[in-house]
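Accompanying notes for the structure given below.
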Amino acid sequence: MIYRLSLLFLLLFSVPIFAQNGFSVRHFTADNGLPQNSIKSISADTKGYIWLATEDGLVRFDGFNFVVFSKSDLGISSSRFYSLEPGQRRKPGVTSTRNDGRTDICYATNVANEAVVIRDGRPRRDTAYTSNVLAVRKRLSRRPKDIFAVAGLPDIWNVPLSNVRAMIPTGDGDGNFYLCDNDTVSCYKQWRRVYDLRAETDDLWHYFALGGRLYHLDAGNAFTAIFNGRRSQFQLKGDFAAEPHGAGSDRHRDTRLYWNPNADQAFLFRSGHLYLLEPQKDGTLTSRLLTKGFDLTANSIDVVHYDPLAGLVHLGSSTNGLFVLTLHQFETVRVSGNDRPNIFYAQIPFGSNSVLTPTGIIAGKDNSGKPIDKRLPLLEKVNPSDKRVIFRDRQGNLWTKNMRILIKMDANGKHLIGGRKLGREVKAILQVNDSTMCLGMYERGLFTMHIDGPDKKPRHVDGVYNKNVTCLDLQAENQVLVGTEDGLYHADLHTGKISLIQGTRGIYIKSIHSFGNGRAWITAAEKGLLLLDGPRGLVTFPHDKQGYLASAHCVVDDGRGFLWVSTNRGLFRISRTDLLAFAGSRPDTPPEQPGEETAQLAPPLFYEYHAMNEGFNTNEFNGNCAPCALKFDDGTISLPSLEGLVWFRPSHIRTYLPGEPLMLDRVDVNRQIISDPGDTVSLPLSPENVRLHFSTPYFGHYDNLNVSYTLIRDASDLPGASWIPLDDEDDLTVQYSNLPSGTHMLVIRKQAGFGLNNYTIKKIWLTVPRHWFETAWAKAAFAALLILTFVAGVRLYNHKKLKIIQKEKLMLEEMVRQRTSSLETALAQLEESKRDVDEQVHLMSRMLASISHDVQSPLNHITFAAGDIAEMVHTGPNGKIIEIANAIAIVSSRTGKLLHGLLNYIKIQVYGKRMHSGRIELNKLILEKLDFFESVIQHNGNRVTRDIPQNFQVESDYELLAVVIHNLLDNAAKYTRNGEIALRSGMRDGVAELIISNSGPPLSQEKMDFINQAGGESTDSRPFPNERVVNLGLIIIKEVSQLLGISISVRQTATIDFHILFKKPA
């Protein structure tokens, strides 16, 4: 079963990555990617994939993912593979193995002697290979078992070769090999024996072939070469011979030979050193040290493969899985002491192979590679801690600063020439001509000073006062670019004119690197890399996909066509030509906003990213110093970091770019797998959850993989296509939830390296069957049906035209009737609205009359009476005061009661509009009202009798019923003196009845007629024209009873009896 193990997560979190002397190691086992831990053989194909033979499947490694092919995937009986052997090309005479360690055709063999051919990144079973090999061996020997095909050294099977013949493949075809035994060495070309030589050794396990020649490792680490029927002996040259353990030592005890015929590579390992053997034109071998400090023996390494393009050494262990060693291209220079001395900033060359820092540290490497770690005591004394600025003027003198103190020393840093304390900290020093220096200062801007200073006072340059200068750079004589925390300025020291460069306001400038014609590379906080392109203005380049360039510190032009840009998160190599072409493709319009990108339509740039696995101690470089980097005369670049100086020579840096092709591994659709798809994929009808799994071999940093895709109908749509990035480079999967029918072109592209529009492109055609209704015959049938339908429709239209007109007539008559009815309804609503308005006028007139007569007059009386009290207190009799006070109390009480009646009347108008009928416990309501009038009843000497059952309930609105009972009890309590107030309930004809009686003065006939009047009869606007409006309570009682639908009447004998007859329950 093919399964894919993604390693991006593993690389970041699970895979052990550790640095050694000159290399970094990643270790893969069955716990983090491999199917099991026994690696039998390693090969690389021409696509760039690494293939591993294991005991649990054939494994393909692309740098980020392992894809395992088991027996079920390959149609074989066993997943236990034991070897990978180089094959041949179909065209004779063309070698299949190249000096990059890759093989066009490779054969994997399992323990059942079944072969799988590996070609173009795909494995397939080859049933003819094993039988052909056995047939050839039969021709070569009467006993086929006498021939043992050596698949690499050391031999994992430990086969004794005393009675067999060793077949040593040359790697340039199946029929090209050597047969070696104790007596004879035979050379075969295209399965024919070419010559024989007498054997001079019985040690068959030290034969190996490189470049078509047969070699033998002899005693004393000497070698014998056999080629074209001749034998020659030589001593190994190169790094191995230069080491103390080289020539003359015991090879059997100390040196181990590794040979990988798939890669046409051989290695020697001794004392923790691994050497690559490289054939020379004269047939001799030279050795080159690859790694030092990794013990192949202790880790049970049986297979070695070297990838010179990526700078990787793949080590296969019989028990410990796969080790991948990344050879360092960069070197970190450190000095003694704790971490603080190794935090570097500014530096200048101090000799041919060392640098000097502002604090007096001399660091570097001597000619033998030993570290240089010295100090300049005087410089260390005058500046023990400020690492930011150091400068050598044209006369060779050293300039530095210790915060606000400017320091000048001789060329060797042994004598102090002068010093001066300035008002603010010096941030940058620059010599603009033979006699003038420029100083950039914090919060003070730009100053000039004579070269004979610093004892001479600096002179301020107008225009950038109070600016925080960060860096300075000389464009031309007396022409200075001034970087500040708030923009980039151009200063003409000859004219004194200073101007802000358009588009830079608000930008924090970190470094400036002029390169002629008014142009300069600039790094800026958050903006990253910029180009000052003379009169064309400022160009802001896009960031890398991770945004690391936003923290760019410094730019170094290596003179080989590339810029090296250091950041807080690693180092970038960028093509200078690409940047200038990018800038040239932008519109010729200046940016309107600070830092505005004006090249949005330009093609993407390729940024080659380098990280600490290539030799840094940290990815965090330092900047905001002057100078921020340096380049030696031999081209070596030195960059400061938080953990040492990073040194490298650009000419020695590998150019390993992601230019390998993209390959479609498989397609998942509708939970089905399409294995080994071609460039045209036929999908089922209505495909859902379509997943296309791509792969591409790349063993560099995954940030250098930039893959995107688009889906179009036709190739003509490609120029304007919208590209979707695949951000997870460890899982290059394109997914669609569904696809419409038809033919689609999926174009997936990968930036192949430097150069604008430099892509590796893969095109896949996806064909989705059409539904029946999308076919040509279905469309024709639909068109015919449409025509017939149209004809039938016309005839039906003519037939129904008359009926429609008749229906419209009927509809018009109905419309007139409905509108007439609507008008009648509207008139009725207007009449009802008029009645409502009349009622409101009636209400307002009653309230106005009551307030003006029964409220205003008593209040005036109270006002006049109260005005006399003050004078009577001093002169009048006390009895008169008491009489007035009692009168005020009586009038106030009556006025309050009248207002209470008015409020109850208003309550009718409020609650009457939104009554809520429900069951009411009458006894509870009566008790609440009696409690309210208790003081009045006692004051008038009355007694109350109550004959109402405890749970006697009626159906009514609680609030409005409370208003009726309240007013009835109020009249009874006010007008009865030393009498009786009786309340009793009962049933009359099945209807609940409440009777409230009192022995007070009788009512007038006019009031009794008003109360007993039927609810539907009209009433005069003033029911009691001969009485005052204090009878408002009776009006309230009458109108509320009408709202509630209850009957109220009064009878008068010895007592006054009010009868309330409730509605029958529903």
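Among the cysteines of the chain, Cys106, Cys180, Cys187, Cys438, Cys471, Cys625 have no other cysteine beta carbon within less than 4.7 Å of their own.
In this Cβ point-charge picture (+1 for Lys and Arg, -1 for Asp and Glu), region 3-329 has a dipole of about 1020 debye about its Cα centre.
Pairs from the list Lys365/Lys510; Lys365/Lys427; Lys40/Lys281; Lys374/Lys414; Lys40/Lys71; Lys408/Lys456 with a Cα-Cα gap above 20 Å: Lys365/Lys510; Lys365/Lys427; Lys40/Lys281.
Placing +1 on the Cβ of every Lys and Arg and -1 on the Cβ of every Asp and Glu, with no other charges, gives region 332-647 a dipole of roughly 980 debye about its Cα centre. According to the square roots a ≥ b ≥ c of the eigenvalues of the Cα gyration tensor, what is the shape class of region 3-329, taking rounded for a/c under 1.5, prolate for a/b larger than b/c otherwise, and oblate for the remainder? Oblate, since a/c reaches 1.5 and b/c is not below a/b. Please give the helix 856-874 orientation as an angle from the longest Cα principal axis of the chain, in degrees from 0 to 90, rounded to the nearest 10. Around 80 degrees separate the two axes. Count Lys and Arg as plus one, Asp and Glu as minus one, and take only other residues whose Cβ is under 13 Å from that of Ile920; the net charge is then -1. Gain on full extension, evaluated as 0.36 nm per residue between Asn21 and Glu688 minus their Cα-Cα distance, stands at 234.9 nm. Rounded to the nearest 10 degrees, the angle from helix 922-932 to the longest Cα principal axis of the chain is 80 degrees.
Dipole orientation for the chain: of the candidates Asn617, Leu1003, Gly316, Gly316 has the Cα lying most toward the positive pole (charges on Cβ; Lys, Arg +1; Asp, Glu -1).
Near Val707, the amide H atoms lying under 5 Å from its own belong to Leu726; only residues 5 or more places off or on other chains count, and H is placed 1.01 Å from N. Decide, for the chain, between rounded, prolate and oblate: order the square roots of the alpha carbon gyration tensor eigenvalues as a ≥ b ≥ c, take rounded if a/c falls under 1.5, and otherwise choose prolate if a/b is larger than b/c, else oblate. Prolate, since a/c reaches 1.5 and a/b exceeds b/c. In order along region 285-294, phi translates into HN-Hα couplings of 10, 10, 10, 10, 5, 9, 9, 9, x, 9 Hz, rounded to whole numbers, per the Karplus curve 6.51 cos²θ - 1.76 cosθ + 1.60 with θ = phi - 60° and x for Gly and Pro. For the chain, the residue among Tyr275, Asn182, Gly293 whose Cα projects farthest onto the positive side of the dipole built from Cβ charges is Asn182.
With the convex hull constructed from alpha-carbon coordinates only, region 912-1061 shows a mean projected area of 9.2 nm² over all directions. Summing charges over neighbours of Leu493, with a neighbour being any other residue whose Cβ is under 11 Å away from its Cβ, gives 0 when K and R count +1 and D and E count -1. Couplings 3J(HN,Hα) of region 332-345, computed from phi: 9, 9, 10, 10, 6, x, 6, 5, 4, x, 8, 8, 9, 10 Hz, in residue order, whole Hz [Karplus 6.51 cos²θ - 1.76 cosθ + 1.60, θ = phi - 60°; x for Gly and Pro].
Using R0 = 22 Å, the C-beta based FRET efficiency linking Thr775 and Arg713 works out to 0.75.
Over all pairs of different C-alpha atoms in region 187-318, the reciprocal of the mean inverse distance, the Kirkwood hydrodynamic radius, equals 15.5 Å. The calculated FRET efficiency for Glu980 paired with Ser917, based on their beta-carbon distance and R0 = 30 Å, is about 0.35. Here the peptides 1038-1050, 437-449 are ranked by packing, the mean other Cβ count within 10 Å, and the order with the highest first is 437-449, 1038-1050. For Ala115, the shell of other residues with beta-carbons less than 11 Å away shows a net charge of -1, using +1 for Lys and Arg and -1 for Asp and Glu. Once both labels are positioned 7 Å from their Cα atoms along Cα-to-Cβ, the gap between Arg124 and His1059 label points is 11.5 nm. With the simple model of a label 7 Å out from the Cα in the direction of the Cβ, Ala149 to Val794 spans 8.1 nm.
Were the residues from Lys801 through Lys834 laid out at 0.36 nm apart, the gain over their Cα-Cα distance would be 7.0 nm. Dipole magnitude for the chain: about 2020 debye, using +1 per Lys or Arg Cβ and -1 per Asp or Glu Cβ, origin at the Cα centre.
Close amide H contacts of Thr436 (hydrogens built in the peptide plane, cut-off under 5 Å, sequence separation of 5 or more or a different chain): Ile451. In terms of the mean number of neighbouring beta-carbon atoms within 10 Å, the peptides 425-433, 355-363 order highest first as 355-363, 425-433. Annotation: extensible slack from Arg505 through Ser737 equals 78.8 nm (criterion: 0.36 nm per residue apart, minus Cα-Cα distance). With each run of n ≥ 4 DSSP H residues scored as -39500 (n - 2.57), what mean residue ellipticity at 222 nm is computed for the chain after dividing by its residue count and rounding to the nearest 500 deg cm²/dmol? The per-residue figure over the chain is -7000 deg cm²/dmol. Here r is the Cβ-Cβ distance between Asp679 and Asn158 and R0 is 51 Å; the resulting FRET efficiency, rounded to 0.05, is 0.65. Would region 308-417 count as rounded, prolate or oblate if I go by the C-alpha gyration tensor, calling it rounded below 1.5 in a/c and otherwise prolate when a/b exceeds b/c, oblate otherwise? Prolate.
Bear in mind these aren't lab numbers, they're just calculated from the coordinates by the rules spelled out. Just so you know, these numbers come straight off a predicted model, no measurement behind them. Cβ: placed from backbone, ideal geometry, glycine included. Neighbour counts: every protein chain shown.
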